[in-house]
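Bear in mind these aren't lab numbers, they're just calculated from the coordinates by the rules spelled out. Nothing here was measured: the structure is a model prediction, and the numbers come from that model. Here Cβ is always computed from backbone atoms with ideal geometry, including for glycine, and neighbour counts include all displayed protein chains.
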Amino acid sequence: MTTLPGKTEKKLGLVIDLDTCVGCHACVISCKGWNTENYGAPLSDQDPYGGDPSGTFLNRVHSYEVQPLATSDKPHPAAQLIHFPKSCLHCEDAPCVTVCPTGASYKRVEDGIVLVNESDCIGCGLCAWSCPYGARELDQAEGVMKKCTLCVDRIYNENLPEVDRVPSCVRTCPAGARHFGDFADPESNVSKLTAERGGMDLMPEQGTKPVNKYLPPRPKDEMDQIDVLAPFLAPVAEEPAGFVGWLDKMLEKI
Amino acid sequence: MNIQQPKIDTSPKVSDEIRKTTCYMCACRCGINVHMKDGKVAYIEGNRDHPVNKGVLCAKGSAGIMQVNAPSRLKAPMKRVGPRGSGEFEEISWDEALDMAVGLLKPIREKDPKKLAFFTGRDQSQSFTGFWAQNFGTPNFAAHGGFCSVNMAAGGIYTMGGAFWEFGQPDWDRTKLFMLFGVAEDHDSNPIKIGIGKVKGRGGKIIGVNPIRSGYNAVADEWVGITPGTDGLFILAMVHELFRAGKLDLEYLSRFTNAPVLIDAETGLLMRDDAGKELVIDRRTGKLVAFDQKGILPDLAANHEGNRTVFQLMAEKYLDPQYAPDAVAERCGISADRIRKITSELARVAFDEAFELDQSWTDFRGDTHDKMVGRPVSFHSMRGVSAHSNGFQTCRALHLLQIILGTVEVPGGFRFKPPYPKPVSAHPKPHGKVTCNAALDGPHLGFVHGPDDLMLNGDGSPIRLDKAFTWENPMSSHGLMHMVISNAHAGDPYKIDTLFMYMANMSWNSSMNSGGVMEMLTEKDENGDYVIPNIIYSDAYSSEMVAYADLILPDTTYLERHDCISLLDRPICEAEAAADAIRWPVIEPDRDVRGFQTTLVHLANRLGMPGFVNEDGSAKYEDYADYIVNHERKPGIGPLAGFRGKGGDKVGRGEVNPDQLDKYIENGGFYVEHIPEGADFYKPWNSAYQDWAVGMGIYDKPEPYLFSLYSEPMRKFQRAAEGHGDRQPPEHLRERVKATMDPLPIWYAPFEDSHVDTDEFTVHALTQRPMAMYHSWGTQNAWLRQIHGRNPLYIPTKIWEANGFEDGDWAKVSSAHGSITVPVAHMAALNESTVWTWNAIGKRKGAWALENDAPEATKGFLLNHLIHELLPPKGDGLRWANSDPITGQAAWFDLRVKIEKSAAPAECDPAFPPIKSPVGQGPKELTWKVGK
Amino acid sequence: MHPAPSVIVFTTLSGLGFGLLFWLGLGLPAVTGWVAFVMFAIAYAMAVGGLLASTFHLGHPERAMKAFSQWRSSWLSREGCCAVGALVVMGLYALGAVFLGQTWTLLGWIGALLSLLTVFTTSMIYTQLKTIPRWNMGLTPVMFLSFSLAGGALMAGQVRLAIVLLLIAALVQLAYWKQGDMALAVSGTNLGTATGLGDRGEVRAFEPPHTGTNYLLREFVHVVGRKHAAKLRVISFALAFVLPLAILLLTILANTGHHVLPFFAVLSHLAGVATSRWLFFAQAEHVVGLYYGKH
């Protein structure tokens, strides 16, 4: 059913901390592994050992350089590098759902997860066209649209220990840069992190109302600012002889 | 609205069974849960209970399934049928292969054991492979440490009895300021990522010192884009500032380091009593006493009959204006103000944010302290500091900085992991006494204490093929794997008969000067025989090196084998616990391959090697698993510390337990023994820890010691160079030994700077390994090679603009040794005189079962072609090694290059002809799902 | 966007086909018998051929029937429904015209309306996509409709009507290009908003997530050289409008050769529209390209 639910009971999604992500691609491969073996068709790879290898991935890590503008405090700011994992944001106003001609794409009423019912998917690709984030990829072997399921087959899975009922990318992230939870609950970890750290939407002007939030990097290179009041260390002595005098005094205190 | 949505199964069965073993995708050695379906590997995730990774897993680990199904896996033993380097092989049986190997090795062992050079690469069983080599009797064994990070290991052990990485870790739960130096992205992979997450989560700060702002340095709050090779200078400038401001932990220095030890003014050696104990002046009584007397406070400011303390020498040295921030700023590429601010921040956090743990402890003097003082500043460092010709001294300088701030082995600081701390004196010395048909007189590698311990023959010639432990690199504790092939080829110091290697891709990314190595491996003498007569090689995969061997002994993948990650070797302990682990065959090989260590056991049995056969000639061990369980290094101490004793209830010391491996498997593939509370800080001096360590079998007796800010072994080498003693360096090395063996940390410019024209070669060139790729292993991995299938040379803005580069351009990169033509890309967050690329992405055509048009082979490249194992001649008639003069560590980060824009060639230059793949090629499509 | 031949053929042919059906439905010209057979055959060949071509890019064409179910929300579904409706109604109308010599005017008008609606729904498949600012403009349906009507009139032999409509379509085309060239900038979406990092400084894509290609890059990132595009625009404009108009004017002036010259005008127009559609796709910037540092 390709109309969007008016409201979902929960708003499950991810918080991705751009201040902490070291760009290791662990989430990318863990996702590939879990989702190749689980929900729907395997994520295939074409020409895997050849000249033009290419496969279906539901989560990819980009990296960007940001060149801050020079200021009087910081005339030569260093460029920054930010690792940027990106997967489906499970938008509240998901355009990928409403464009689907067959009803294969849908947003779950109970938790807001956007899913593809692969047996209904004709592989027209329009949902991928409508997604500003590049979150959907048409599997070249199976001819159906693949996307992040938020590991819907993990998060409720009674065959997994409770602690493991999180998306595989969250479970594997070594730096703890990925957080999973319910944004409809203001007391949840993800809601709190979003509030505390100024969690942001990607491309808010697209009007998709993404559920997933990104925590911006904290300010960087503050010790590179020109600041006359900077706390330099005060010398105890300028001469080695003076140092010995100071040392004697200090040793008496031990 | 009537929403109908499909009903889906949100609780599908995950797997039939979980088998817990240890990852092998880098030296991190995380615990993994291997989910099995229908007897096949379905999914791999981190093991939550495991001490190393606590459930998380990196990209390589998660992609393990693609290592296990890789088409590049070798299938059976092979003998070479075409010329070396062609890749033409014929599969043979194991019997034939072992016969061939024994046919080569037996005569060597009988007549001249040193004619076997046995070197292993990224071997995780060095305790075993070393044991094998020792019992074979050759002095020529080492692993890849000399090529990798011996400066870091030796610098740490000689200074404070342990180093970074598997030797120790920051106190992640308490540290507030974490400073990283030169850490390549893969190093200490998951623990460091977990730690960074913890520091960030608590709002702590991270300072990254690295010319390249990627990975960990990208998330650092402060990035110090230092000029390569100048870390030591930057560190000593901070030391200068700390001395100048008196921001020093005097009590710590006084009690736990050799700073208060008196130096004999005449010899420069430490003053000792008759029992050999270092002497100090007790500030309370003014008396000259041994350092370990109860109740004393060693006096840093003492002067005993003109003999001053180490600390006074330090103050004199480091207060010198040559180390002032203003004096070093330009060379380091860091402004003097920023150096001051960073120093000030280190001091602020160490001293103003100091805290106390309410935990009393008793030190080795018998003095009890009612609190543990915490200084929440910690450091970590790796290859960026280590892989320079000044790396050893720079590592020492970094430890000096840690120690004067009082941040080692204290809460919030840097903590050792068992079996460290361990003083140099508790390590073996190197051994090299060869007897035909008998074992070597002791372990090959170790720590020298002075000229007497060098591996030199009576005539001063090197005992070892790699010239480790000679005056060229006296403290080369890990050997010099990177010199083995060129020395064997040159017959210098002597010719060998057989080169036997394991997991060492010497004809490609594991050598400097890869093209030259290929020539050395294939060159024939005037009789038409290969200059290196026989080469035996073991690998699990069709690496570039396979083509250069005469006999291939195929290894298994990591899920098909037994291994032990042993306390005798490079263990996986935590600061609070000793731990070890195993690998076990969670799947059986579907090919005719055997774990290499098992093959070594079989060879040893056929050769009748001591240590492996009983007196009646019968085999002690059937295979490696048998060895792991039944071998005892000392009575009661074996490769695995857990579940010892008949009932499996003993730890550390205990009789052999035949069910030990089953116990490990039941326990998740590992064993952890926690250090008791109160014993887990101040370990080198904490009696409770020392006693625990003895119980565990880590020491035979308590081994408390002082940190060696002043290195006496180095002074002994320096003193020999000054003309003292029987063993003195040859004349051409005398000045260098004098200058570089300074017993207090110093900085000198990387050697390449004085051998090449720095006006022509203005640019520093570096490599680092991506987090998602482990050397060449990742390339065969269908998932990982999509992430890193080729590598551009990253160029900083200034050079990018000066050359008018645009996206898609290529450049010719030249060093004094050679040139390459490679694709370039722009990177702004980069030191302005540094270029870099990802290491070991470039591949030889035909290797790793890739097709010849693979991007790795056409657009991937190695910087190795620009680096020689020797420095360019400088007109003194000598060729100096491109290594650290103290440890012999390969100085590949000293590399200087020049960059010119080039027309885009069809593929990277140099391009080598394809080798014939001995395993064929992979499938055209992968839809890997093992469940229904 | 990747200019896939299937979608270019689809939008070009079905646009013209339904355009022709529109005029036939209105009885312009009011044909019967063999003439009607030929004209309806041409119209159906183009409309159905185009629709068939569009199924070539489906991963599962055998499930195409499912695509009629979501007409309440999906423009693609609506297009399917409208197309089938138009083809059925116009089919009945054609039966009457060809075999019974009847012109059922009301049916024709309904069919014409459905044909036009089909073209409109086709255009809305593209117009609705906020992700592609160059398509997400009011001028997109105007362009599709004006092209369809003009091309249809041309093929229906409505010379004077065609001249007027071609002139209008030509102006729409120019306006579309002009507005389209600014659309991405006007949309406000850029790498800064895409990453949320824009307020920190200038954002530049550094390493892509994979060194190789992927579905997204193949499908959405197609960079046409500016010079190349300008040249193609001139060619497309000349073929779609200038040449056909010249031919039509010549036809009127010469007042002879009623069928041969207009046939060339149709061919020229078809080639011009196909080129325009190639540009429609190839020049369309999908915002996902921003993440890859493209545009």
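Annotations
- Ascending count of other beta-carbon atoms within 10 Å, so fewest first, for B:Asp759, B:Asp123, B:Asp38: B:Asp759, B:Asp38, B:Asp123
- Our compactness index for segment A:154-254, the C-alpha radius of gyration over the empirical 2.2 N^0.38 Å, is 2.02.
- Descending semi-axes in whole angstrom, ellipsoid equivalent of segment B:540-656, from the Cα gyration tensor: 27, 20, 13
- Those lysines that a straight Cα-Cα span of less than 16 Å connects to B:Lys111, excepting residues fewer than 8 apart in one chain: B:Lys433, B:Lys495
- Helix A:240-253 vs. chain A, principal-axis angle (Cα, 0 to 90°, nearest 10): 80 degrees
- Peptide B:774-785, shielding by other chains (average Cβ, 10 Å cutoff): 3
- Calculated P(r) tail over 12 Å for segment B:250-303, as whole % of Cα pairs: 59 percent
- Candidate cross-link partners of B:Lys620 among the lysines, defined by an alpha-carbon separation under 24 Å and a same-chain spacing of 8 or more, comprise B:Lys106, B:Lys634, B:Lys646, B:Lys650, B:Lys663.
- In terms of Cα atoms, the Rg and Dmax of segment B:655-718 work out to 17.5, 53 Å.
- Peptides ranked, highest mean first, by Cβ atoms within 10 Å: ranges B:162-169, C:217-224: B:162-169, C:217-224
- When each of B:Lys683, B:Lys738, B:Lys111, A:Lys86 is scored by the number of other beta-carbon atoms lying within 10 Å, the sequence from fewest to most is B:Lys111, B:Lys738, A:Lys86, B:Lys683.
- Cα long-axis angle, helix C:159-187 against chain C (0 to 90 degrees, to the nearest 10): 10 degrees
- Pairs of alpha carbons in segment B:100-237 whose separation is greater than 21 Å (percent): 57 percent
- When the pairs B:Lys20/B:Lys60; B:Lys20/B:Lys198; A:Lys86/A:Lys107; B:Lys60/B:Lys843; A:Lys7/A:Lys209; B:Lys812/B:Lys843 are compared against a 21 Å limit on Cα-Cα distance, B:Lys20/B:Lys198 fall above it.
- Cα lying deepest toward the dipole's positive end in the protein assembly as shown, options C:Ala153, B:Phe612, B:Gly215, charges on Cβ: C:Ala153
- Set the Cα radius of gyration of chain B against 2.2 N^0.38 Å, with N its number of residues, and you get 0.92.
- If you take the alpha carbon atoms of segment B:720-786 and fit the smallest convex hull around them, that volume is 195 Å³ per residue.
- Qualifying lysines (Cα of each under 16 Å from Cα of B:Lys277; at least 8 residues distant if same chain): B:Lys287, B:Lys294
- Along principal axes, Cα extents of segment A:12-223, largest first, whole Å: 60, 48, 35
- The radius of gyration of the Cα set in segment B:752-902, together with its Dmax, comes out at 16.2, 51 angstrom.
- Segment B:429-455 versus segment B:617-658: alpha-carbon centroid distance in Å: 26 Å
- Per-residue packing, averaged as other Cβ atoms within 10 Å, sorts the ranges B:227-236, B:282-291 into the order B:227-236, B:282-291, beginning with the highest.
- Options B:Ala329, B:Val68, B:Met483, ranked by Cα towards positive dipole end of chain B, top entry (Cβ charges): B:Val68
- Per-residue average of Cβ from other chains inside 10 Å of C:74-82: 4
- Separation of the alpha carbons by more than 30 angstrom is noted, of B:Lys37/B:Lys859; A:Lys147/B:Lys54; B:Lys429/B:Lys683; A:Lys11/B:Lys205, for B:Lys37/B:Lys859; A:Lys11/B:Lys205.
- A straight chain from B:Asp876 to B:Gln293 at 0.36 nm per residue would run longer than the Cα-Cα distance by 204.6 nm.
- Per residue of A:162-173, other chain Cβ atoms within 10 Å of the residue Cβ number 3 on average.
- Remark: B:His868, B:His482 ranked as B:His868, B:His482, counting other beta-carbon atoms within 10 Å and listing the fewest first.
- Its residues counted as N, segment B:1-150 yields a C-alpha radius of gyration over 2.2 N^0.38 Å of 1.55.
- Largest first, the three principal axis extents of the alpha carbons in segment B:761-828 are 38, 27, 18 Å in whole numbers.
- Taking the Cα centre of chain A as origin and assigning +1 to Lys and Arg Cβ atoms and -1 to Asp and Glu Cβ atoms, the resulting dipole is close to 480 debye.
- B:Asp264 versus C:Met65: modelled label distance in nm, points set 7 Å from Cα along the beta carbon direction: 10.0 nm
- Of the trypsin sites (Lys or Arg not before Pro) in segment C:16-122, those whose Cβ has at most 16 other Cβ within 10 Å and which sit in DSSP loop: C:Arg72
- Angstrom value of the Kirkwood radius, inverse mean 1/r, which spans all Cα pairs in the protein assembly as shown: 35.1 Å
- Diffusion constant of chain C at 25 °C, which comes from Stokes-Einstein with the Kirkwood Cα-pair radius and 0.890 mPa s, µm²/s: 121 µm²/s
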